[in-house]
Amino acid sequence: MDQKTIDLLVTAAAAAREKAYVPYSGYKVGSAVLTRSGRLYTGCNIENASYTPTVCAERVAIFKAVSEGETEFMAIAVVTENGVSPCGVCRQVLAEFMPRGEVVMATTDSSRQDVMTVAELLPRAFGPDDLHHVR
Ligand code: THU
């Protein structure tokens, strides 16, 4: 991924992060995903008083895009204060929709911008191909 694409994704994810609904953890996360067709979709984490319905920023971004008819993604950014990587559940969703995609993990002050592939983050992922024989 070139630096221009990284900057585009990180800027959009940082803006989305400001919308995070986090009354319980106070931990804001923003995300932005780039479709193969060149569109950007953003997401923030959305928490819930019952805790388990909480959704991560990455899944909000991807599900918004999928609900608009997008199924092919190139790259996703996740922006947090401390530059964390996506949780295990999100990695599984990344493996579903962008198994050959890249993930930018950035801090809000852009002091860190780590890039890894989805395959590196979730090796030997269970995926759509594993169910083909039963379809
Ligand atoms: N969270 C995300 O949105 N993405 C991640 O990659 C890690 C965790 C959220 C879920 C919850 O709202 C808060 O961060 C604390 O776990």
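Between Thr52, Thr11, which is out of contact with any Ser or Thr (no Cβ under 8 Å at 6 or more places or on another chain) and either at pLDDT below 95 or farther than 19 Å from Asp114 by Cα (or both)? Quick ask: steps written out before the conclusion?
Values: Thr11 fails: either at pLDDT below 95 or farther than 19 Å from Asp114 by Cα (or both).
Unique residue meeting the criteria: Thr52.
Condition check ((1) of a type in the set (Val, Ile, Thr); (2) in a strand (DSSP E or B)) across all residues:
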| site | (1), (2) |
| --- | --- |
| Ala65 | no, no |
| Glu70 | no, no |
| Ala77 | no, yes |
| Ala95 | no, no |
| Arg100 | no, no |
| Val103 | yes, yes |
| Glu120 | no, no |
Notebook entry, point to check: Which numbered condition trips up Leu40, out of (1) touching an Asp or Glu at 6+ places or on another chain (Cβ under 8 Å); (2) within 18 Å of Thr5 (Cα to Cα); (3) more than 14 Å from the ligand (Cβ to nearest atom)?
Noted result: (1)
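Please state which one of Asn45, Asn82 is surrounded by fewer than 21 Cβ atoms within 10 Å (Cβ to Cβ) and within 15 Å of the ligand (Cβ to nearest atom). Show your work before the answer.
Details: Asn45 fails: surrounded by fewer than 21 Cβ atoms within 10 Å (Cβ to Cβ).
Of the residues listed, the single one that is surrounded by fewer than 21 Cβ atoms within 10 Å (Cβ to Cβ) and within 15 Å of the ligand (Cβ to nearest atom) is Asn82.
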Margin query: Cβ contacts < 9 Å: first residue outside any loop (DSSP other than H, G, I, E, B), restricted to segment 17-30; second residue within 9 Å of the ligand (Cβ to nearest atom) and charged (D, E, K, R), any location; separation 6+ or different chain. Result?
Written below: Arg17/Lys28; Tyr21/Glu47
Checklist line | Long-range neighbours under 9 Å by Cβ, at least six apart or interchain, first residue without any contact (Cβ under 8 Å) to a residue 24 or more places away in the chain within segment 108-134, second assigned to a strand (DSSP E or B) | finding: Thr117/Glu102; Thr117/Val103; Glu120/Val103
Item checked: Qualifying residues in segment 88-106 (those that are more than 12 Å from the ligand (Cβ to nearest atom) and under 17 Å from Arg124 (Cβ atoms)) - the one surrounded by the most Cβ atoms within 10 Å (Cβ to Cβ) -> Met98
Notebook entry, point to check: Residue check, Ser37 against (1) closer than 22 Å to Met98 by Cα; (2) surrounded by 13 or more Cβ atoms within 10 Å (Cβ to Cβ); (3) not basic (Lys, Arg), all met but one. Which one?
Noted result: (2)
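The values are calculated or read from the model by the stated rules, or taken from the named source; none is laboratory data. Quick caveat, the model's predicted, so the values are computed rather than measured. Glycine gets a Cβ as well: all are built from the backbone with ideal geometry, and neighbour counts include every protein chain shown.
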